[in-house]
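Engineer: Structure incoming, see below.
The values are calculated or read from the model by the stated rules, or taken from the named source; none is laboratory data. These numbers were taken from a predicted model, which means no experiment stands behind them. Note: ideal-geometry Cβ built from the backbone for every residue, glycine included; neighbour counts use all protein chains shown.
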Amino acid sequence: SGGVDSSLTAAMLLKQGYKVFGITLWLWVSGTPYDSVPLAVTDAKKMCDFLGIEHHVIDARDVFYDNVVDYFVKEYAYGRTPNPCVFCNKNIKFDLMLNRALELGAT
């Protein structure tokens, strides 16, 4: 994300000799133009540049909207309290990011 936790972890792993790269999810952000790059993506890129590591972006806007936002709206309309994080974590964060990391040679 380019935040403190992920940046410090990346720096510590680099110091220990690990090959490190950054992966950022580009998610749909309500109220912003579809093609505007979120601050999280640009911040992560800046931190990866600072650390001298590769930065990869997964465009997950459509899958996020279709599987998380749409689910949330439908459940809310039915009067239920949705938990979109369950779907996002399982199907987007962990699945997409793990698969990309493995494609990039993570072990």
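Engineer: Answer yes if at least one residue in segment 33-40 is in a helix (DSSP H, G or I) and either modelled with pLDDT of 90 or more or of a type in the set (Gly, Ala, Ser) (or both), and no otherwise.
Structural biologist: Yes, there is a match, as at least one residue in segment 33-40 is in a helix (DSSP H, G or I) and either modelled with pLDDT of 90 or more or of a type in the set (Gly, Ala, Ser) (or both).
Engineer: Which condition from (1) outside any loop (DSSP other than H, G, I, E, B); (2) hydrophobic (A, V, I, L, M, F, W, C); (3) surrounded by 12 or more Cβ atoms within 10 Å (Cβ to Cβ) is the one that residue 106 breaks?
Structural biologist: It fails just one condition, (1).
Engineer: So how many residues does segment 58-103 have that are surrounded by fewer than 11 Cβ atoms within 10 Å (Cβ to Cβ) and under 12 Å from residue 27 (Cβ atoms)?
Structural biologist: Selection size over segment 58-103: 1.
Engineer: A further question follows. Suppose we keep only residues that are farther than 20 Å from residue 91 by Cβ and aliphatic (A, V, I, L, M) within segment 42-57. Which one would you say is surrounded by the most Cβ atoms within 10 Å (Cβ to Cβ)?
Structural biologist: Taking the candidates together, the pick is 44.
Engineer: Which condition does residue 56 not pass, out of (1) outside any strand (DSSP E or B); (2) touching a strand residue (DSSP E or B) at 6+ places or on another chain (Cβ under 7 Å), if it passes all the others?
Structural biologist: With respect to (1) outside any strand (DSSP E or B); (2) touching a strand residue (DSSP E or B) at 6+ places or on another chain (Cβ under 7 Å), residue 56 is out only on (1).
Engineer: Among the residues of segment 3-37, which ones are surrounded by 14 or more Cβ atoms within 10 Å (Cβ to Cβ), farther than 21 Å from residue 49 by Cβ and among the aromatic types (Phe, Trp, Tyr)?
Structural biologist: 28
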